Amino acid sequence: MTRLTADMIWGVPDDQLDLDGRLLKTTGKTVKGIALEAAGLDCADYDFSRFKAAAVPITSGLGIIGGFAKSVDAIMKRLGMDSHATSEPDVVGFAQAVDSGADIIMMSDDPLFMAYNTRERMYTDNSWGTGMGYAVCLKNAAGGLEGKQVLVIGAGRVGTWAAKIMLGWGADVAVTDIVPQKAERLSAIGARPLRDVEKAVSENTLILNAAPYIIPGEIIAEGSIISSPGVPHYFDREGRRRCRAIIHDPLEIGAAVMAVNSAAYTIKREEGLL
């Protein structure tokens, strides 16, 4: 997982990024709507107020990212969950979350960010959540992906999940990576590995950028839709002019999908779907 910094998520707690407004224009759905679709919940809306949630700060590895737990707490509150951030980190914070009756516990160290459902003893990890969330965004912005050519930049955990997911939807998925062998390994699941990143970008208008790759605007095809979870995130003026839509946020889409998908374990069990 690419490590976030405090300045990347400064606007998340107070919703200063207006992500719902931007997503509605490009995908026709809010963050919650994207998360519901990603979790396989066939409903226009859902009342999550019966779910208690907690965000636990973690100090291991490189330590706490300033504002991270507060941001995750705010995201869960916007989904309608009864959420709080624990006052203590690590194991003590986890114990606080359990003692508070939390159904969903969100916590992250350097390699793993997870949403743990204490009722079902199951969790959703951020690599899947981000890959799925941004794939759903691209699908909605493009009016569906079946039979369409999609380029995934980056064959790491998020890119691999995104490729698998979109292949399952019937997309023709090509993958490129700075380490060509990583992209070539995904040929085993039906993705087409490409070595020339710039050529691949110039020949595709549906792109999921799951790498820390800043795409030069001059190589972006006119009318492109780029779903871009990768950080650092930057598009120059020419790139923004050429794109029909650029979908990006530093944290919320992936975290919302994680929280809703973990709650969905309980919802689906209660409805006899698990």
- Query: List pairs: first in the range 252-272 and among the basic types (Lys, Arg), second at pLDDT 95 or above and crowded, with 24+ Cβ neighbours inside 10 Å, Cβ under 9 Å, 6+ apart or cross-chain?
  - Reply: Lys268/Ala39
- Are there any pairs, at least 6 apart or on different chains, whose C-beta atoms fall under 6 Å, with the first in the range 97-117 and of a type in the set (D, E, K, R) and the second outside any strand (DSSP E or B), and if so, which? Asp103/Phe51; Asp103/Thr118; Asp103/Arg119; Asp109/Ile58; Asp109/Ser60; Asp109/Gly61; Asp110/Gly61; Asp110/Leu62
- Task: Considering only residues that are aliphatic (A, V, I, L, M), in contact (Cβ under 8 Å) with a residue 60 or more places away in the chain and assigned to a loop (DSSP other than H, G, I, E, B), look in the range 27-59 and name the one that is surrounded by the most Cβ atoms within 10 Å (Cβ to Cβ).
- Result: Ala39
- Query: Mind checking which residues of the range 179-203 are closer than 25 Å to Asp249 by Cβ and crowded, with 23+ Cβ neighbours inside 10 Å?
  - Reply: Val201
- Which one is most open to solvent (accessible area, probe 1.4 Å) among residues in the range 217-236 that are touching a helix residue (DSSP H, G or I) at 6+ places or on another chain (Cβ under 7 Å) and without any contact (Cβ under 8 Å) to a residue 24 or more places away in the chain? Glu218
- Task: Inspect the range 25-47 for any residue being of a type in the set (D, E, K, R), touching a strand residue (DSSP E or B) at 6+ places or on another chain (Cβ under 6 Å) and modelled with pLDDT of 95 or more and give the result as yes or no.
- Result: no
- Task: Considering every residue within the range 158-172, establish whether at least one is farther than 27 Å from Ser262 by Cα, of a type outside the set (Asp, Glu) and open to solvent by 30 Å² or more (accessible area, probe 1.4 Å).
- Result: no
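The values are calculated or read from the model by the stated rules, or taken from the named source; none is laboratory data. Note that the structure is predicted; figures quoted are calculated from it, not measured. Positions of Cβ are backbone-derived with ideal geometry, glycine not excepted, and every protein chain shown enters the neighbour counts. Ligands, DNA and RNA are stripped out before the accessible areas are found, and what is left, the full protein with its side chains, is counted by its heavy atoms. Shrake-Rupley method; radii C 1.70, N 1.55, O 1.52, S 1.80 Å.
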